[in-house]
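Report on the following structure.
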Amino acid sequence: MSEQTIALVTGANKGIGYEIAAGLGALGWSVGVGARSEEQREAAVVRLRAAGADAFGVPLDVTDDASVAAAARLVEERAGRLDVLVNNAGITGGMPQEPTRVDPATARAAVETNVIGVIRVTNAMLPLLRRSASPRIVNMSSSVGSLTRQSDKDDPLKAGPISGAYAPSKTFLNAVTVQYAKELRDTNILINLGCPGYCATDLNGHRGVRTPEQGAAIAIRLATLPDDGPTGGFFEDDGVVPW
């Protein structure tokens with residue numbers, strides 16, 4: 001097997017996911033660009049390679065069992081193992097988001113991608129991660145998934161907008177990640193949550209105040225943790241995010 005570090009980033013064709021792939025590629029890693037759209041995926045690979053990264057495309061729809069299984073086979077055939085998995089793919093589910101108005105289908109879609117998709121991809125990639133000397137899993141969450149911050153009555157900016165689908169899906173993701181950490185605590189797999197901050201991306205109509213590159217920094221940090229690094233934590237650039 002190659003001594004080069006092998007990573008897979010889901011939703012890596014644009015925005016924060018692309019910048020995570022770019023940052024890991026700049027470290028000399030081989031980076032799989034996971035994305036549904038063939039056109040956007042291959043365009044991202046071309047851009048990354050032009051910048052000097054060892055990037056390869058991975059057709060991947062996190063909501064589809066067959067697609068995820070095929071992605072795992074592709075990574076195995078290419079590298080024989082996986083060192084780092086970054087579960088970045090995510091959606092808001094759509095509007096409206098007020099809990100009194102939200103369509104149940106909106107909430108279902110958010111959970112299907114943001115939570116079930118993470119479970120589906122993680123479990124498919126775990127056999128490959130177990131072959132790594134220093135496996136890392138990074139789940140991209142959001143501060144809106146923090147119940148502490150969401151319930152802050154004194155700071156509207158910290159509390160974030162009312163959200164009956166997207167925010168709860170990130171809280172769900174946080175809870176699931178804690179359970180993974182508990183189950184994997186006796187292994188060498190470190191799994192953590194990263195909050196990129198409010199970045200200008202397609203997800204929010206580019207209303208964010210941070211760049212995707214800034215948002216990618218926490219994922220890159222968690223992907224490169226030392227063997228004695230934390231697991232089961234929730235982090236942002238400034239430190240620990242409260243649950």
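Can you tell me which residues in the stretch 104-121 are hydrophobic (A, V, I, L, M, F, W, C) and out of contact with any strand residue (DSSP E or B) (no Cβ under 7 Å at 6 or more places or on another chain)? Passing the criteria: A105, A107, A109, A110, V111, V115, I116, I119. Look at (1) more than 21 Å from D238 (Cα to Cα); (2) basic (K, R); (3) in contact with a helix residue (DSSP H, G or I) (Cβ under 9 Å, 6 or more places away or on another chain); (4) surrounded by 14 or more Cβ atoms within 10 Å (Cβ to Cβ) and you find that R136 fails only one, number (1).
Within the stretch 38-94, the set of residues being in contact (Cβ under 8 Å) with a residue 60 or more places away in the chain and among the acidic types (D, E) comprises D83 only. Scan the stretch 96-117 and give yes if some residue there is of a type outside the set (V, I, T), outside any helix (DSSP H, G or I), touching a Ser or Thr at 6+ places or on another chain (Cβ under 7 Å) and buried (at least 23 other Cβ atoms within 10 Å of the Cβ), otherwise no. Checking the stretch 96-117: not a single residue is of a type outside the set (V, I, T), outside any helix (DSSP H, G or I), touching a Ser or Thr at 6+ places or on another chain (Cβ under 7 Å) and buried (at least 23 other Cβ atoms within 10 Å of the Cβ).
Exactly one of (1) under 17 Å from L184 (Cβ atoms); (2) among the aliphatic types (A, V, I, L, M); (3) not in a loop (DSSP other than H, G, I, E, B) is unmet by L74. Its number? Failed condition: (1).
Residues in the stretch 124-134 include at least one that is out of contact with any Asp or Glu (no Cβ under 9 Å at 6 or more places or on another chain), among the hydrophobic types (A, V, I, L, M, F, W, C), modelled with pLDDT of 95 or more and not in a loop (DSSP other than H, G, I, E, B). Restricting attention to the stretch 56-71 and to residues that are of a type outside the set (D, E, K, R) and in a loop (DSSP other than H, G, I, E, B), the residue that is nearest to R108 (Cα to Cα) turns out to be T63. Of the residues making up the stretch 141-159, none is modelled with pLDDT of 95 or more, of a type in the set (A, V, I, L, M) and touching a strand residue (DSSP E or B) at 6+ places or on another chain (Cβ under 8 Å). The residues of the stretch 23-55 that are part of a helix (DSSP H, G or I) and either touching a helix residue (DSSP H, G or I) at 6+ places or on another chain (Cβ under 6 Å) or β-branched (V, I, T) (or both), listed by number, are G23, G25, A44, V45, V46, L48. Taken across the stretch 201-215, residues that are of a type in the set (G, A, S), modelled with pLDDT of 95 or more and at negative phi do not occur at all. Entry remark, the stretch 143-183: residues being in contact (Cβ under 8 Å) with a residue 40 or more places away in the chain, farther than 22 Å from T231 by Cβ, in contact with a helix residue (DSSP H, G or I) (Cβ under 9 Å, 6 or more places away or on another chain) and surrounded by fewer than 17 Cβ atoms within 10 Å (Cβ to Cβ) number 1 in total.
The values are calculated or read from the model by the stated rules, or taken from the named source; none is laboratory data. On a predicted model such as this, the values are computed, not experimentally measured, just so you know. Note that each Cβ is placed from the backbone with ideal geometry, even for glycine, and that neighbours are counted across all protein chains shown.
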